[in-house]
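The values are calculated or read from the model by the stated rules, or taken from the named source; none is laboratory data. Bear in mind the structure is a predicted one, so any value in this text is a computation, not a measurement. Cβ sites come from the backbone with ideal geometry, for glycine too, and all protein chains shown count toward neighbours.
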Amino acid sequence: MRDMGAEALGAPRLPSKEYEAPLILGLQPSALVDHMARVDWSLLDQIPGERGGSSLVAIEELENILSEVKTHILPSPNDPSPVKTIAGGSVANTIRGLAAGFGITCGIIGACGNDEQGQLFVRNMSLNDVKLSRLRMKKGRTAQCVCLVDALGNRTMRPCLSNAVRLQADELTGETFRGSKWLMLRYGIYNLDIIHAAIRIAKQEGLSISLDLASFEMVRNFRKPLLKLLESGDVDLCFANEDEATEVLRGECNTDPEAALEYLAKHCQWAIVTLGSNGCIARHGKEMVRVPAIGEAQASDATGAGDLFASGFLYGLVKGLPLEDCCKVGSCSGASVIRSLGGDVTPENRQWMFKQMQMKGLPVPDLCN
């Protein structure tokens, strides 16, 4: 692999082709490494917290879970490696999907630790053509998450974020965003300061803003600052799944996905609500579309489905496709990642995605494989 030292260390940007602004930037203040494993239910019964969802753990607990995983692996013909460790996080998944799967120039803004996990994050994102000149390497620990997948494809996540390095709001400048067209964000209360700073500076530089609502727990517990952010008019594109959309309108008479889409579309130019096996609904101005899901209804692993849907939709958007076709590309992309373990798309599943796109008359990216 080429030397990533200067980029990962956040060295001054140079006016050369190597540092040309990516079309799409993703903000993930803390780099994250995912340890993915398909396990039997007995392990899920042993670890603290409810099955499903996400609960924070200390580093000792994370390491204990990883040590137990080896004796609880579920064999799968689609996953030759029982444990898969890759760069993780919603924004990283989407950016990697755009760069590797659709050939869109992308960069990530954030920080990783100067540890083994930080080097892994750098290596994985670099090999998938993500530009790292805006990723800073800091002394300290990189965040990690254990993602346990059961026989039905359901996830139980145990992230360890304590003492993880993080990019601070005052480290952002106009140069961070200059020349790019889109900034991708994931809503999170602990990152609200840097989210607001990034939006303010990015808007000054002429970027459009894409926001993912993260999780229904995040929307439920921190709804007021989210609504304030949405109603500011600074968010151009909003992605929500059905559960998140319901929480947006909690307390209202009508909380169905269509009503949530209507609310989001009042404040964002593009609004999308994904509905799992029922596809998605989207709105842009007065236009509303409903697009069915693509591929198998049963997910092998649902990790990254929404993230890769966003990859496909954004690809369609920057290529100038109609709203319905943007959703169709998103559905093809989201369906490709659930066919195997982890939040990245394997080469085989990427070819499957291209075939689905061709069958639907969608433009396939011209990638050099």
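Of all residues in the stretch 99-113, those that are surrounded by fewer than 21 Cβ atoms within 10 Å (Cβ to Cβ) have Cβ atoms under 6 Å from Cβ atoms of residues that are not β-branched (Val, Ile, Thr), 6 or more apart or on another chain, in GLY103/PRO365; GLY103/LEU367; THR105/PRO22; THR105/LEU23.
Inclusion of LEU341 among residues that are at pLDDT 95 or above and under 18 Å from the mean Cα position of the chain (by Cα) is not warranted. Can you find a residue that is touching a strand residue (DSSP E or B) at 6+ places or on another chain (Cβ under 9 Å) and modelled with pLDDT of 95 or more anywhere in the stretch 143-156? Yes, some residue in the stretch 143-156 is touching a strand residue (DSSP E or B) at 6+ places or on another chain (Cβ under 9 Å) and modelled with pLDDT of 95 or more. Of the set (1) touching a Leu at 6+ places or on another chain (Cβ under 8 Å); (2) in a loop (DSSP other than H, G, I, E, B), all apply to SER133 but (1). Just to be sure before I move on: is GLU116 surrounded by fewer than 16 Cβ atoms within 10 Å (Cβ to Cβ), modelled with pLDDT of 95 or more and either under 22 Å from the mean Cα position of the chain (by Cα) or not polar (S, T, N, Q) (or both) in the structure I sent? Judged against the criteria, GLU116 is a match.
In the stretch 222-237 there is at least one residue matching the filter, namely being modelled with pLDDT of 95 or more, buried (at least 22 other Cβ atoms within 10 Å of the Cβ) and not in a helix (DSSP H, G or I). A search for C-beta distances below 9 Å between a residue of the stretch 306-334 that is without any contact (Cβ under 8 Å) to a residue 12 or more places away in the chain and any residue that is crowded, with 21+ Cβ neighbours inside 10 Å and small (Gly, Ala, Ser), counting only pairs 6+ apart in sequence or on different chains, returns PRO322/GLY316. Taking the criterion of being surrounded by fewer than 15 Cβ atoms within 10 Å (Cβ to Cβ) and over 21 Å from LEU23 (Cα atoms), would at least one residue in the stretch 190-212 satisfy it? Yes. Evaluation of LEU132 against the conditions (1) surrounded by 24 or more Cβ atoms within 10 Å (Cβ to Cβ); (2) over 14 Å from the mean Cα position of the chain (by Cα) shows that the sole unmet condition is (1). Tallying residues that are under 12 Å from CYS268 (Cα atoms), over 19 Å from the mean Cα position of the chain (by Cα) and of a type in the set (D, E, K, R) within the stretch 212-237 yields 2. Checked against the criterion of being in contact with a Phe, Trp or Tyr (Cβ under 8 Å, 6 or more places away or on another chain) and not polar (S, T, N, Q), the candidates GLU242, GLU205, GLU252 yield just one match: GLU205.
Would you check which residues across the stretch 136-179 are crowded, with 21+ Cβ neighbours inside 10 Å, of a type in the set (Ser, Thr, Tyr) and part of a loop (DSSP other than H, G, I, E, B) and list them? Once the filter is applied, which keeps residues that are crowded, with 21+ Cβ neighbours inside 10 Å, of a type in the set (Ser, Thr, Tyr) and part of a loop (DSSP other than H, G, I, E, B), the stretch 136-179 yields only THR142. Kindly establish whether LEU148 is of a type in the set (A, V, I, L, M, F, W, C) and either farther than 30 Å from GLN204 by Cα or touching a Ser or Thr at 6+ places or on another chain (Cβ under 8 Å) (or both). So LEU148 passes the test.
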